[in-house]
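One structure is given below, encoded as structure tokens.
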Amino acid sequence: MRANLTTTPYLPFGPSAGAALRLLCFPHAGGTASVFTRWRGMFGDDVDVLPVQLPGRESRIRDELPKDMTALVDELERHLGDVLNEPFVCYGHSMGALVAYHLARRLASRGLPGPRLLMVGACKAPHLGNRLVAAHDATDAELKQAVLDLGGLSPMLLEYPDWLAAALALVRRDLAVCATQRPDGPVPGPVLAFHGVDDPLVSQMDMAAWSSYTAAGFALHQVPGGHFFVHEPALVARLASASL
């Protein structure tokens, strides 16, 4: 039986003893840790998949999301301390890519080991503008349409105004955090980027621009799907081979 090494609200599943590597997964704006739940068990016993649960959603619905990226990374560094002391890699999707990048930069600035590999998907390089991030100041109708166009809201939510309002409020708070991020240099380790071939928001060139955020090696892979391609088998297969 696997032993629980630490307890933190940021990790719905406690890290497991005996795994050679941990894969920290950071979700998109408005996303939850459950997006990555099905990944657990797909990478073999040597890789411990740890979805990260940000405040303000699911079991953390009453927890307040930090107001900016610096404060969010402060919390992550504090709460994930035990996990960050073990070998790990990161995958961040959309907003999650920015969060993972800034966490890696924070650790590097402190002279601490960061992720052995930073994997990012569906996110423009940090120095590029993003019209969805800018939508955190949009009207509810404009924000709703923008997220619907990306496939980030279930059309079923339109039939439940209270649920829709809550979902949009969460997306808006997450995007407001993203709007505060400022890139501050490369990460020490390699970067692996993923682009959805049908993504209407992020282009292949936007993903290729992540190459300037590492001197340790960069690769870009295209996978089927639009902006939300986290469950594409091609992505999981590539991640599995890259993270072992």
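FYI, it's all coordinate maths here, none of it is from the lab. Just so we're clear, the structure is a prediction, and the values are computed from it rather than from any experiment. Please note: Cβ atoms are built from the backbone with ideal geometry, for glycine as well, and neighbour counts cover all protein chains shown.
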In degrees, nearest 10, the alpha-carbon axis of helix 233-243 is tilted away from the dominant principal axis of the alpha carbons of the chain by 30 degrees
With Cα coordinates, the longest principal axis of the chain makes an angle with the long axis of helix 140-150, in degrees rounded to 10, of 50 degrees
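DSSP loop (so not H, G, I, E, B), at most 12 other Cβ within 10 Å: list which trypsin sites (Lys or Arg not before Pro) in the range 1-97 pass both filters.
When the trypsin sites (Lys or Arg not before Pro) of the range 1-97 are filtered for loop state and at most 12 Cβ neighbours within 10 Å, 2, 62, 67 remain.
Once the Cα gyration tensor of the chain is found, what semi-axes does its equivalent ellipsoid get, as square roots of 5 times the eigenvalues, in whole Å, sorted largest first? Please report the intermediate quantities before stating the final value.
Values: eigenvalues 134, 85, 66 Å².
The equivalent ellipsoid of the chain has semi-axes of 26, 21, 18 Å.
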Computed over the range 92-137, the convex hull of the Cα set has an average projected area, in nm², of 3.6 nm²
With Cα coordinates, the longest principal axis of the chain makes an angle with the long axis of helix 69-79, in degrees rounded to 10, of 40 degrees
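Over all distinct Cα pairs, what is the inverse of the mean 1/r for the range 37-126, reported as the Kirkwood hydrodynamic radius in Å?
Numbers: mean 1/r = 0.0711 Å⁻¹.
Across the range 37-126, the inverse of the average 1/r is 14.1 Å.
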